[in-house]
1. Take residue A:81 and tell me if it is in a helix (DSSP H, G or I), within 13 Å of chain B (Cβ to nearest Cβ) and open to solvent by less than 10 Å² (accessible area, probe 1.4 Å).
2. Please report, ordered by residue number, the helices (runs of 4 or more DSSP H) entirely within segment B:384-476 with at least 2 residues that are among the acidic types (Asp, Glu).
3. Hey, could you check segment A:4-17 for residues that are modelled with pLDDT of 95 or more and out of contact with any Leu (no Cβ under 8 Å at 6 or more places or on another chain) and say which is surrounded by the fewest Cβ atoms within 10 Å (Cβ to Cβ)?
4. Filter segment A:172-196 down to the residues that are in contact with a Phe, Trp or Tyr (Cβ under 8 Å, 6 or more places away or on another chain) and either within 7 Å of chain B (Cβ to nearest Cβ) or among the hydrophobic types (A, V, I, L, M, F, W, C) (or both) and list them by number.
5. Taking the conditions exactly as written (within 28 Å of residue B:51 (Cα to Cα) and at pLDDT below 95), does residue B:100 satisfy them or not?
6. If you scan segment B:426-457, which residues turn out to be open to solvent by 10 Å² or more (accessible area, probe 1.4 Å) and over 15 Å from residue A:22 (Cα atoms)?
7. Test residue B:391 against the stated conditions and say whether it is of a type in the set (A, V, I, L, M), farther than 30 Å from residue B:107 by Cα and crowded, with 23+ Cβ neighbours inside 10 Å.
8. Identify all residues within segment B:176-190 that are touching a Ser or Thr at 6+ places or on another chain (Cβ under 7 Å) and open to solvent by less than 20 Å² (accessible area, probe 1.4 Å); write none if there are none.
Amino acid sequence: MTPLDKVEGRAIPFGLKNVDTDVIIPAHWLKTTTREGMGRGAFESLRADPDNLFDSADFKGAPILIAGDNFGCGSSREHAAWALGDLGIRVVIAPSYSDIFSGNAVKNGILPVVLPQSAIDRLMEVAATDPVFVDLEHQTVTTQFQDRFSFEIDPFRKMCLLEGLDEISLTEKSDAAIGAYEKALDADRPWMRPAA
Amino acid sequence: MTRPRTLYEKIWDAHVVEQRPDATCLIFIDRHLVHEVTSPQAFAGLRATGRTVRRPDLTLAVPDHNVPTTARLDAAGGRLPIADAESAAQLAALEKNAPEFGIRYIDAVAPEQGIVHVVGPEQGFSLPGTTIVCGDSHTACHGGIGALAFGIGTSEVEHVLATQTLLLQPSKTMEVRVEGEVGPGVSAKDIILHITGVIGAAGGTGHVIEYTGSAIRALSVEGRLTVSNMAIEGGARAGLIAPDETTFAYIKGRPYAPKGADWDAAVAYWKSLATDPGATYDKTVVIDAADIAPSVTWGTSPEDVVPITGIVPDPASFADPSKQAAAAKSLAYMGLEPGTRMQDVPVENIFIGSCTNSRIEDLRAAAAVIKGRHKADNVKWAIVVPGSGLVKAQAEAEGLDRIFTDAGLEWREPGCSACLAMNPDKVPAGERCASTSNRNFVGRQGPGARTHLVSPAMAAAAAVTGKLTDVRELMA
């Protein structure tokens, strides 16, 4: 996973609320056995409109996406994160996310920044014409107009993003603890093993 | 005495392998369900890193998302090829990966094949008090039997395959209490649609919802699975319903369920899981069952719910400006005018199926409405897709298939089908579908498709009249 620290550039002033992962990547794009090339199907229904933001001269390839409440709701498809990544998006800024989407985003080196709606409103305004700056290390989103918004992030997620860590390797360090848990489980609740 | 705990807290505590300095815990996963769409990249990841599946015995794979629902075997019993090359490749990948990694596999033509969330409980693979994951957000379904079950992404699928654990932060808890008795014609689906309308599509974000109250306890296990299935539509990653005698009676004797002395020990344990008196939730919502009518969605978010007796709302009637904008967009997509009576909305397509509503009780409810009637002429496409081969066989033994086919509906093979339009079952652009599935998102049932979420009985009623219909009028 590519480490992420500072991201600056144009931010797509998308702003919609309850954007579901079917909108981010429709199901017919899920019939693949690889993670690559999903960007072509990203926001397909919206991009059918030739005047859409994503393909406009200003925002094509922009690294930041600004969205409304409950971004990434619905299906657990990680293809949504792959599609955003393939579009070139490294940061999403929204008031809230679905729990599954925000986890998928982090695992693919995409930072889900949570900011209040008032900050989103201001950033939408700036993003229309000017770049946005995101600093994960210092947990800030800033603009060249002296806007400065601080955001919270779980320390573990922050570390994974900053260092581009592979979570499976980390968990494998707990192999002994997992083995001990399995042994205790077999002793305490032997019926947990499938009977057949 | 220990602090009173909720059902969620008890299951969580029993699965902590390690607690990290922050609140993050390494949680043991008891059951991992795998299907063909969200697993190929995970298996490829294992292969690339030389990893194996830690607990193949706790992993069960079954194809469901893009298998066609038309006949799978020819007259001689040979397997028919899948026309769509990409779907065929995904299915082939699962068929190769399951034996290569030694995991349990129910193949596409096995009698037990079906939607993974129907198969898990039906096989007794899903049990109360367990942690269950699957690369599918409707894993929340298994909360209906009291399992902590939730959807995960493909990276997490790979993580669980490799380590049988997940790194998780504890969720907040939310109680949705439905007290009283529901009226005639009101099903589990109407209960959960109503709840989603009340709490909103993000109402449960960050929470696990426990459904409590007399109206929930009165539900069959099938009904409870329907309710918990759509916890995710209210933003909650998981739903829970405390296991009770209804649950135990459902599970007993199923193939993977505990037997003999193990059964008694299991039931004793399951009984200890109910939320303690005095335990508190972070949030509680109380709903009067008498307020719940047969319900229907009008928009493109599952929170867009009205009683069937209601009208299409005016976007200006919402207080939140972003909801006003979303509602206006929804209505444009849905081709609906504010003020239209829901009962005046014609439908050309009917879908009875999905992990929400494809169990035997659902098919019985739909058949009871449609028996002796025929679909309306304007209904062009009406399919009934049982949730599993075993549900299909049971329905056929009861003669339900004939009731549907006599009424002009098609009787199909099990799978996810038109719920998400990955296989050939799609709703044409611009047309409406009365659907028993769980999501009315833009393009969910096919590009441009307009979905109205309803119960199985309501879908059957719509098939008969050719428009959204109050099923109570056909019940008299």
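The values are calculated or read from the model by the stated rules, or taken from the named source; none is laboratory data. Computed from a predicted model, the values in this text were never measured in an experiment. As a convention, Cβ positions derive from the backbone with ideal geometry for all residues, glycine included, and neighbour counts pool all protein chains shown. We work out accessible area using only protein heavy atoms, side chains counted, and drop any ligands, DNA or RNA first. Shrake-Rupley method; radii C 1.70, N 1.55, O 1.52, S 1.80 Å.
1. Yes, satisfied.
2. B:400-406
3. The extreme case among them is A:8.
4. A:178, A:181, A:185, A:189, A:191, A:194, A:195, A:196
5. Criteria not met by residue B:100.
6. B:428, B:429, B:430, B:431, B:432, B:457
7. So residue B:391 does not fit the description; no.
8. Selection gives B:188, B:189, B:190.
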